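Here the structure comes first, spelled out in structure tokens, and everything after it is commentary.
The values are calculated or read from the model by the stated rules, or taken from the named source; none is laboratory data. The structure presented is a predicted model; accordingly, all values stated were derived computationally and were not measured. Virtual Cβ from ideal backbone geometry, glycine too; neighbours counted across all protein chains shown. Note: accessible area is taken over every heavy atom of the protein model, side chains too, but ligands, DNA and RNA are not part of it. Shrake-Rupley method; radii C 1.70, N 1.55, O 1.52, S 1.80 Å.
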Amino acid sequence: MVVETEVIRHEYLRHDKKFPHVWCPGCGNGIVLGSLLRAIHELGLPKDDVVVASGIGCSSRLTTYIDFNTLHTTHGRALTFATGVKLAKPRLKVITVMGDGDATAIGGNHFIHAARRNINITAVIINNSTYGMTGGQYSPTTPYGSKSTTSVYGHVEHDFSIAELAVTAGAVFVARGTVYHAAQLDKLLEQAITKRGFSVVEVISNCHVQHGRRNKLGDAVTMITGFRDRAVPVAKAAKMSAEEMRGKFTIGVLCDVDKPVSSEEYDRIRQESCQLPQ
Amino acid sequence: MASPETGQRLLLQGNEAVVHGALAAGCRFFAGYPITPASEISELLSVMLPKVGGTFIQMEDEIASMGAIIGASLAGVKSMTATSGPGFSLMQENLGYACITEVPCVVVNVMRGGPSTGLPTNVSQGDVLMARWGTHGDHPIIVLAVSSVADCFSITVRAFNLSEKYRVPVILLSDEVVAHTRECVVLPSQDKIRVVDRIAPSVPPEWYKPYADNNRGVPDMASFGEGYRHHVTGLVHDERGYPTQQPKEIESFLMRLHDKITKGFSEIMITKTQMMEDADVCVIAYGCVSRAAMQAIKMARAHGIKAGMLQLITLFPFPRKAVDAALRQCSAAIVPELNLGQMAREINRVNQTGTRVVKYNRIDGQMITPDEILKQILGVS
């Protein structure tokens, strides 16, 4: 295991980048980065054929550190750039990494349309319930009543469930994991990347520095182990009442269906339209 | 449906000619969102692109359209979008991204009356300064204006060529009148069309520095998936593409972005003069208004007035040399525009000889007629 970690670190991190990275000690983003690299390594994808696009925010800085074709785009727009890359060069494996505010506030429209459109892209959304980089303002996943730098009296709005939103919008593969369940996350990412069509993995993560501190949720270890206690496997949750699920969330695969993939369908259109008279 | 290869006479509207020009220039990716008066460009490309192995996609909005064409261009495919004022406003964010990451792409803005939803089916030239300065920060950009259906073909080709050569987004300003006017044009055959492609790196991947300066000021551009793995970011970056906050690296990078355009001035500045040899009064115009202006000049000549025409095709970088020459030669210049004087302001800015510059403006959604311009010429003669 140690040997493999060394291999992955050597093979997939950019060594000519001026480290250290921007993340705070204990941040869950590093765990997601590790999981993503292990999944890609396990799948044996050539580095030259992988494109990772991200938006803006702490989690989106991930693209800076990894040795693929990387695209750090504008806030919320990673999926739009990814759509262009994928359609222009379908042989590339396109993965996006976004935060909760990035993907579901400013990028919410792009997110639901990417799911509806069903292009062969994987979206990894790191959900830490806050805008960490800008100082801890409330995001679309900040829970009702929580404190943030823009809801010091307690948040009066309700939060999105990102994975359920993706299911409803039409994503063919949707999973939720946490930074506590790293081994499971490796597998979920592998499944998502392998899936034909638009796949989504929501990763529940910790921002103990902004969200955690203001809501007395403890340090990084406390927050991350808290995910262990609050996460319920999808199959088990199906047998639990709403009351029993209060304060908890599901992990695992929420949706895995097959639908025609629009990027592949378009190839058929190309073939057919060539046959038509000019 | 005519293919762009034909050398035959065609009756086309401006929007259709833009499509043929784009295809002739090698455009193989289009992302857009429906908007009047630009929608015909989307509609025709949705038919034509798959036939040539290209891709058409209708995105959820203009922000997404702009993102998609940048992504496609990074993957090595020449890309374009087309819109009008409200959509052009939404594109400004990612337009800035294309400037700082030096991604070639062409953005067609078929101008209609503004501000806001404004006059969707009426003509205007209200987006001229927005095309230059719409996205935030000091940035380089090229803005071209078309005045005829023939222009819509040839200038679209030029737009792609400049974009590829200088790795900069090029804004093609059309307007509702040019877009919907039908004229007879003969499209040149493909072998007569000069097509410029971005220069790919020739060094081995491990030597590749995606944003390193060279004598052109335009770094070689590797496409995603060709072995030259690199980082693309909208943050100010060093020559390897990684974010930097070093003042020296910041300034040299941003200056290079501007200098690469300055180095190309002689090629980028496109203007056209007619009857200027002996002119004492000139009309400086662009877009559909230059058509009315040309007619007015002929009418003025019939009155015995030595009138001439300076048509601006490149609006930005501002063609200072050509404007300066016209202002030095003439005692007066008429600047008719379908806005409140956006280019007249630029012309006055470079007016060193105190030549009389007379603005003539309409913002009521109607064309300026030759008679109106003639009246202005007679007024200064």
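For B:MET221, what charge total do you get from the other residues with a beta carbon under 15 Å from its beta carbon, if Lys and Arg give +1 and Asp and Glu give -1?
Numbers: positive: A:LYS89, B:LYS78, B:LYS165, B:ARG167, B:ARG198, B:LYS209, B:ARG216, B:ARG229, B:ARG240, B:ARG256, B:LYS260; negative: B:GLU102, B:GLU164, B:ASP197, B:ASP213, B:ASP220, B:GLU226, B:GLU239.
In short, +4.
With each run of n ≥ 4 DSSP H residues scored as -39500 (n - 2.57), what mean residue ellipticity at 222 nm is computed for chain B after dividing by its residue count and rounding to the nearest 500 deg cm²/dmol?
Working: 13 runs with 148 residues, N = 381.
My calculation for chain B gives -12000 deg cm²/dmol from helical runs alone.
All other residues with a Cβ under 12 Å from the Cβ of B:PHE29 taken together, and with Lys, Arg as +1 and Asp, Glu as -1, what is their net charge?
On the way: positive: A:LYS86, A:LYS89, B:ARG28, B:LYS78; negative: none.
So the environment of B:PHE29 carries a net charge of +4.
If you line up the Cα atoms of the range B:40-152 on their principal axes, what length do they span on each, largest first, in Å?
Ordered largest first, the range B:40-152 gives principal extents of 37, 31, 29 Å.
Please give the residues from the range B:62-86 for which the solvent-accessible area of heavy atoms, probe 1.4 Å, is smaller by at least 10 Å² with all protein chains in place than with the chain isolated.
Relative to the lone chain, where solvent access is computed with a 1.4 Å probe, the range B:62-86 loses at least 10 Å² at B:ILE63, B:ALA64, B:GLY67, B:ALA68, B:GLY71, B:ALA72, B:LEU74, B:ALA75, B:VAL77.
Using only the Cα atoms, work out Rg/Rh for the range A:191-278, with Rh taken as the Kirkwood radius, to two decimals.
Values: Rg = 21.4 Å, Rh = 17.0 Å.
Ratio of gyration radius to Kirkwood radius: 1.26.
Roughly how many percent of the accessible protein surface of the protein assembly as shown is carbon and sulfur, given a 1.4 Å probe and a whole-percent answer? Show your work: numbers first, answer last.
On the way: 14050 of 25640 Å².
Exposed carbon and sulfur together represent 55 percent of the surface.
With every atom except the alpha carbons ignored, what do you get for Rg and Dmax of the protein assembly as shown, in angstroms?
Both quantities, over Cα of the protein assembly as shown: 27.4, 94 Å.
If you find the alpha carbon centre of the range A:31-90 and of the range A:170-196, how far apart are they in angstrom?
With the range A:31-90 and the range A:170-196 each reduced to a Cα centre, they are spaced 15 Å.
Using +1 on the beta carbon of Lys and Arg, -1 on that of Asp and Glu, and nothing else charged, what's the dipole of the range B:274-380 about the Cα centre, debye to 20?
Dipole size: approximately 140 debye.
What do you get for Rg/Rh over the range B:148-233 if you use C-alpha atoms and the Kirkwood form of Rh?
Numbers: Rg = 17.4 Å, Rh = 15.6 Å.
Answer for the range B:148-233: 1.12.
Kindly identify the range A:1-135 as rounded, prolate or oblate by the Cα gyration tensor criterion: order the square roots of the eigenvalues as a ≥ b ≥ c, call it rounded if a/c is under 1.5, otherwise compare a/b with b/c, prolate if a/b is larger, else oblate.
On the way: a/c = 1.91, a/b = 1.17, b/c = 1.63.
Cα axes put the range A:1-135 in the oblate bin.
Compute the angle between helix A:262-275 and the longest alpha-carbon principal axis of chain A, please, reported from 0 to 90 degrees and rounded to the nearest 10.
The answer is roughly 20 degrees.
With viscosity set to 1.567 mPa s at 4 °C, what whole-number translational diffusion coefficient in µm²/s follows for the range A:82-151 from Stokes-Einstein and a Kirkwood radius over Cα pairs? Could the numbers behind the result be given before it?
Numbers: Rh = 13.3 Å.
D, rounded to a whole number, is 97 µm²/s.
Using a Gaussian network model of chain B with C-alpha springs under 10 Å, which one of B:VAL110, B:VAL178, B:VAL350 is most mobile by mean-square fluctuation?
Taking springs between Cα atoms under 10 Å, the residue moving most is B:VAL350.
Please work out the Cα center distance from the range B:102-118 to the range B:144-198, rounded to the nearest Å.
First find each Cα centre; the distance between them is then 15 Å.
Just going by the charge dipole of the protein assembly as shown, with Lys and Arg at +1 and Asp and Glu at -1 on Cβ, which of A:THR96, B:PHE88, B:ILE297 is farthest out on the positive end?
It is B:ILE297, whose Cα lies furthest towards the positive end.
Rg (Å, one decimal) plus Dmax (Å, integer) for the alpha carbons of chain B?
Reported Rg and Dmax, both Å: 20.9, 69.
About the Cα centre, and with charges only on the beta carbon of Lys, Arg (+1) and Asp, Glu (-1), how big is the dipole of chain A? Nearest 20 debye, please.
That gives chain A a dipole magnitude of about 320 debye.
Rounded, prolate or oblate, given the Cα gyration tensor of the range A:29-99, with a/c below 1.5 counting as rounded? Walk me through the numbers before you get to the answer.
Values: a/c = 2.14, a/b = 1.02, b/c = 2.10.
Note, shape of the range A:29-99 comes out oblate.
If you take the C-alpha gyration tensor of the range B:4-192, multiply each eigenvalue by 5 and take the square root, what semi-axes do you get, largest first, in whole Å?
Values: eigenvalues 101, 75, 44 Å².
Calculated on Cα positions only, the semi-axes equal 22, 19, 15 Å.
At a 1.4 Å probe, which residues in the range B:193-236 are at least 50 Å² less accessible with all protein chains present than in their chain isolated?
Listed in order, they are B:PHE224, B:GLY225, B:ARG229, B:HIS231.
Can you list the residues of the range A:62-82 whose accessible area drops by at least 20 Å² going from the chain on its own to the full set of protein chains, with a 1.4 Å probe?
A:THR64, A:ASP67, A:ASN69, A:THR70, A:LEU71, A:HIS72, A:THR74, A:ARG77, A:THR80, A:PHE81
For chain A, set up a Gaussian network in which alpha carbons nearer than 10 Å are linked by springs, and say which option among A:ILE31, A:ILE119, A:ILE193 fluctuates the most.
Top of the fluctuation ranking is A:ILE31.
Quick check: net charge around A:ASN69, other residues with Cβ under 13 Å of its Cβ, Lys/Arg +1 and Asp/Glu -1? Walk me through the intermediate numbers first.
Working: positive: A:ARG14, A:LYS47, A:LYS86, A:LYS89, A:ARG91, A:LYS93, B:ARG229; negative: A:ASP48, A:ASP49, A:ASP67, B:GLU226.
That sum, taken over residues with Cβ under 13 Å, equals +3.
For B:GLY241, list long-range residues whose amide hydrogen, built 1.01 Å from N in the peptide plane, is under 5 Å from its own amide hydrogen.
B:TYR211
In percent, how large is the relative contact order of chain B, given Cα pairs closer than 8 Å and 6 or more residues apart? All intermediate terms of the calculation are to be shown ahead of the outcome.
Numbers: 842 pairs, mean separation 61.1, N = 381.
Relative CO of chain B lands at 16 percent.
What's the magnitude of the charge dipole for the protein assembly as shown around its Cα centre, counting Lys and Arg as +1 and Asp and Glu as -1 at the beta-carbon? Answer in Debye, nearest 20. Show your work: numbers first, answer last.
Numbers: 66 positive and 63 negative charges, 109 e Å.
Result for the protein assembly as shown is approximately 520 debye, rounded to the nearest 20.
Run the 1.4 Å probe and let me know the accessible area of B:THR369, rounded to the nearest 10 Å².
That residue has around 50 Å² of solvent-accessible surface.
Under a 1.4 Å probe, what is the accessible area of the range B:205-266 per residue, stated in Å²? Numbers along the way, then the final one.
Values: 3160 Å² over 62 residues.
With all protein chains present, the range B:205-266 gives 51 Å² per residue.
Could you state the angle between the C-alpha long axis of helix B:149-166 and the longest principal axis of the C-alpha atoms of chain B, as a value from 0 to 90 degrees rounded to the nearest 10?
40
On a 0 to 90 degree scale, rounded to 10, what angle separates helix A:29-43 from the longest Cα axis of chain A?
That helix lies at roughly 30 degrees to the long axis.
Per residue, how much accessible area does the range B:1-133 show when a 1.4 Å probe rolls over the protein heavy atoms, in square angstrom?
Numbers: 3360 Å² over 133 residues.
Per residue, the range B:1-133 has an accessible area of 25 Å².
Using label points projected 7 Å from each Cα along Cα→Cβ, tell me how many nm separate A:LEU45 and A:GLU11, to one decimal.
Output for this residue pair reads 1.4 nm.
Ranked by accessible surface with a 1.4 Å probe, highest first, in what order do A:GLU265, B:GLU226, A:GLU202 come? Can you show the working numbers first?
Numbers: A:GLU265 70, B:GLU226 100, A:GLU202 5 Å².
Order by accessible area, largest first: B:GLU226, A:GLU265, A:GLU202.
For the interface of chains A and B, what total accessible area is buried with a 1.4 Å probe, rounded to the nearest 100 Å²? Intermediate values should be presented prior to the final figure.
Working: alone 13560 and 15720 Å², together 25640 Å².
Buried area (both sides, nearest 100 Å²): 3700 Å².
For the range B:205-266, what class follows from the C-alpha gyration tensor (a ≥ b ≥ c being the square roots of its eigenvalues): rounded when a/c is under 1.5, otherwise prolate if a/b is larger than b/c, else oblate?
Numbers: a/c = 2.24, a/b = 1.24, b/c = 1.80.
It is oblate, given that a/c is not under 1.5 and a/b is not larger than b/c.
Using the heavy atoms of the protein chains alone and a 1.4 angstrom probe, what is the accessible area of chain A per residue in square angstrom? Walk me through the numbers on the way to the answer.
On the way: 11730 Å² over 278 residues.
So chain A comes to 42 Å² accessible per residue, rounded to a whole number.
Can you give the three extents of the C-alpha atoms in the range B:261-355 along their principal axes, from longest to shortest, in whole Å?
For the range B:261-355, the Cα extents along the three principal axes come out at 42, 27, 25 Å.
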